[in-house]
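Below: one structure, written as structure tokens.
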Amino acid sequence: MMKRAAITAVAGYLPENVLTNFDLEKIIDTSDEWITTRTGIKERHIENDPNKATSDMGVEAVKLLCKKRGISPEEIDLLICGTVTPDLVFPSTSNLICAKVGAKNAWGYDLGAACSAFIYGLSTGAQFIETGRYKKVVVVGADMMSRIIDYKDRATCVIFGDGAGAVLLEPTEESVGIMDFILHADGNGATYLHMKAGGSLKPASHETVDKREHFVHQEGQAVFKHAVYNMAEVSAKIMEKNNLKAENVNWLAAHQANKRIIDATSSRMGIGPEKVMMNIERYGNTTAGTIPLLLWDYEKQLKKGDNIILSAFGGGFTWGAVYLKWAYDGSKTGK
Ligand code: ACO
């Protein structure tokens, strides 16, 4: 019997401090009306403690995950952390999370695929379970975007927020779990979405700081066009590949970058808004955090056997979709 990797628990963490569209109106030339109609975002969580970093959000999510599943962090075999905002260039944020939660028997690594990092990590982590090598793999999606956002650039600072989500993957012999995935990448997209300095190409210098090059650079319209097309296409393709009709899909959990991109995806899939998980209005775009945070928010409504399509598009460009069959009744575990 083929082993599958099933999500057996989900958890999340958001910093307490909330930055609303009205707060942003006071620091840049924008309006609640512009942000709401262009993106669907109303507020986002921002970590304002300078001593906290991405690993600290990951730690909270992983602690809650272990508590909900009733396991000790020492049982974790592998922890993959999707992030573009690691605490440090090295060591990896995965290593830091493991050390802080006491996951002494785990190894792990960071996965850099921007907004697609969670689905890349989920697909990768599932392989270690399916081969029978590991019994407990944690996939974290965590980004403290506020640390790489220029709050003088109104076209990017309204979009992003901080947050982390985590799932536990365990083996099952039932027909649930990660059923299929389609993943893509096109590095030519770097032109439109990247950070100019801080890497080996352009290490930090007085000049890079003066030129505000340590922040997200995004050409919004170009990214928007690619995101709308590719996220919708790959979501429709994974349905087709698995003979799923719109009526067989219970939920869409799409990366929360812009409500208009999500609407285009659900309409290409032929599914109504009642099946579309949405929390962008409260969290904004938390990059690798969006999809696990959606699963965490909607967990109570999920039933064993639900067909869920996860899809994402992000910096790279990277994009893809995962077909997931939910493995337990969420109402029994709650948040
Ligand atoms: N408030 C008011 N006006 C604004 C704001 C703002 N916050 N931001 C931009 N504008 C203005 C612009 O200056 C421009 O004015 P102009 O016409 O006078 O020059 C006008 O609004 C239109 O600007 P656009 O950039 O064309 O606005 P657009 O409708 O494209 O919306 C947005 C911008 C929301 C960024 C959109 O392009 C988008 O969502 N892009 C995709 C984002 C995405 O999916 N990213 C991938 C994931 S992120 C990751 O991987 C890290």
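Name every residue in region 220-261 that is of a type in the set (A, V, I, L, M, F, W, C) and within 10 Å of the ligand (Cβ to nearest atom), in order of residue number.
Residues satisfying the conditions are Ala222, Val223, Phe224, Ala227, Val228, Met231, Ala257, Ile261.
Condition test on His217, is it at pLDDT 95 or above, more than 28 Å from Ile309 (Cα to Cα), assigned by TED's automatic domain parsing to the domain that holds Gly289 and within 12 Å of the ligand (Cβ to nearest atom)?
The answer is yes for His217.
Picking from Gly177, Gly189, which residue would you name as being under 30 Å from Ala5 (Cβ atoms), in contact with a Pro (Cβ under 9 Å, 6 or more places away or on another chain), surrounded by 13 or more Cβ atoms within 10 Å (Cβ to Cβ) and modelled with pLDDT of 95 or more?
It is Gly177.
Which of (1) in contact (Cβ under 8 Å) with a residue 12 or more places away in the chain; (2) more than 16 Å from the ligand (Cβ to nearest atom); (3) exposed (fewer than 15 other Cβ atoms within 10 Å of the Cβ) is the odd one out, the single condition Ala197 does not satisfy?
Exception for Ala197: condition (3).
Identify, from the list Ile28, Ile7, Ile41, Ile80, the residue that is crowded, with 23+ Cβ neighbours inside 10 Å and either within 16 Å of the ligand (Cβ to nearest atom) or farther than 16 Å from Val139 by Cα (or both).
Exactly one of Ile28, Ile7, Ile41, Ile80 is crowded, with 23+ Cβ neighbours inside 10 Å and either within 16 Å of the ligand (Cβ to nearest atom) or farther than 16 Å from Val139 by Cα (or both), namely Ile41.
Has region 147-164 got at least one residue that is buried (at least 21 other Cβ atoms within 10 Å of the Cβ), of a type in the set (A, V, I, L, M, F, W, C) and either at pLDDT below 95 or under 30 Å from Asn243 (Cβ atoms) (or both)?
no
Determine whether Ala103 is crowded, with 22+ Cβ neighbours inside 10 Å, at pLDDT 95 or above and either in a strand (DSSP E or B) or away from the ligand (no atom under 16 Å from the Cβ) (or both).
yes
When the residues of region 287-335 are narrowed to those that are touching a Leu at 6+ places or on another chain (Cβ under 7 Å) and either modelled with pLDDT under 95 or over 19 Å from Lys245 (Cα atoms) (or both), which ends up farthest from the ligand (Cβ to nearest atom)?
Gly330
Here is a list of conditions, (1) over 15 Å from Ile182 (Cα atoms); (2) within 11 Å of the ligand (Cβ to nearest atom), and Pro203 meets all of them except one; can you say which number that is?
(2)
The values are calculated or read from the model by the stated rules, or taken from the named source; none is laboratory data. All figures in this text were calculated on a predicted structure; none of them were measured in a lab. Positions of Cβ are generated from backbone atoms using ideal geometry, with glycine treated the same way; all protein chains shown enter the neighbour counts.
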